[in-house]
1. Just need the relative contact order of the chain here, percent rounded to a whole number, with Cα pairs under 8 Å and 6+ apart.
2. Can you give the relative contact order of region 287-394 as a percent, counting alpha carbon pairs under 8 Å and 6+ residues apart?
3. Against the empirical 2.2 N^0.38 Å scaling, what ratio does the C-alpha Rg of region 4-60 come to?
4. What FRET efficiency do you get for residue 504 and residue 130 if R0 is 60 Å and r is their Cβ-Cβ distance, rounded to the nearest 0.05?
5. Report, largest value first, the span of the C-alpha coordinates of region 385-426 along each principal axis, in whole Å.
6. Rounded to two decimals, what is the ratio between the C-alpha radius of gyration of the chain and 2.2 N^0.38 Å?
7. May I ask you to list the residues of region 231-261 whose amide nitrogen lies under 18 Å from a point 7 Å from Cα along the Cα→beta-carbon direction of residue 285?
8. In whole angstrom, and with the biggest value first, how far do the Cα coordinates of region 426-522 range along each principal axis?
């Protein structure tokens, strides 16, 4: 039996060759053109020595070049390693080294950071896309503006002499398709191995069961495609049904509303911070001509007030869902078939089981209906494990179930409610920030003796990163602004703490662990 995620685009090109697949600014590319571009780049990768099973890293913003390169890697039989665009070169180099990437495909708008990361990792960097500033400056969400000094420096994949592939390489359902780096509370990012079956099935289920997408839909793609949510729910699901994906690099609410009207967008995927910004922009501009019929929210809990405002100002129902990188990502969502229930993340998706278990380690103990416990998931969407981390994989799995680390409850009607997170992950603007990673960096500051990083409520970002610092010299503590500036040079833009609190000591529990719940209770969010 064979199965490749590349078939998502290949079959769409066969069924809908003349239908518009992607709109990227003035560019309208059909499915036939998009697949032909992927096959051409897949042939170039093969000529460069890429073989089935090799890992190829991808550092590309939300332009048409992302799906071209993504499906080119898959067509060559290789494994896609998306690189988070907000990482520093050193952080990106870790991903390249840990994944064992053979080479890095980098958009020329990001050539400086990409070339440095590849150099640190000891692998070649190959440019893709426009070589001379055809992208809008800073177009990708949170990415730096292009450095003209790097333009044209890297060899271009498109200029590699090679014949296009005839079709995609044969793969098995259990073979890896994407190695998606996430992080745990233990520090270093972990590579979640998502198989061909994981991602094909999640796209199919999202398209035909969870979200009810049709070939006539126009989907506005503001979510970063390097993220599981953007890749599967926006891109792969849209291509599975032959709909049209309108790409937007950096999310700006006013421009997003303009694109919705201009292209008659019918579907929007976003995180709560996006919806809050859209509501504010819509209240100011009162756009006419919106054609939205469905909004999908994920990444963090959507406040009920925001949900109500979205439905009032954008005129479309919101379907809130739940998932993790390790579940490809969709595990549960409010679905048309089962109806919506505000404040919940809906029902488990087709072919997937979601239950509530007693938190802790050891054998799994499922709780009766209505009990609050850890959300556990099993099914076709659960990943194959963490790359080269068997102990972490074993810790995450129990009797075939994935322990999510999130607390929730299931009611008698099958609706899942996420109650809280057992992990201390901070979700800022839909991106996960892992406190131990930030703490490890801050502890290198000579004026910091101890530090605890927590998330505090923020009206726009959902949560803000806050560092609670014990100074090395209590008589001469560092200025909070100094720590923020120092950290911003060493951490990705979504990670460094915007709020810093100087304290004499950190609250400790009986086992001498920092009581972060106490910090979250006592530290006041900064005025915004």
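Quick note: the coordinates plus some simple rules give every number you see, no bench work behind them. Since this is a predicted model, take the numbers as computed values, not measurements. Methodologically, a virtual Cβ is constructed for each residue, glycine included, from the backbone with ideal geometry; neighbour enumeration extends over all protein chains shown.
1. 11
2. Rounded, it is 19 percent for region 287-394.
3. Region 4-60 yields a ratio of 1.26.
4. 0.65
5. 39, 27, 12
6. 0.94
7. 246-261, by backbone N distance to the label point.
8. Sorted largest first, the three principal extents are 36, 32, 21 Å.
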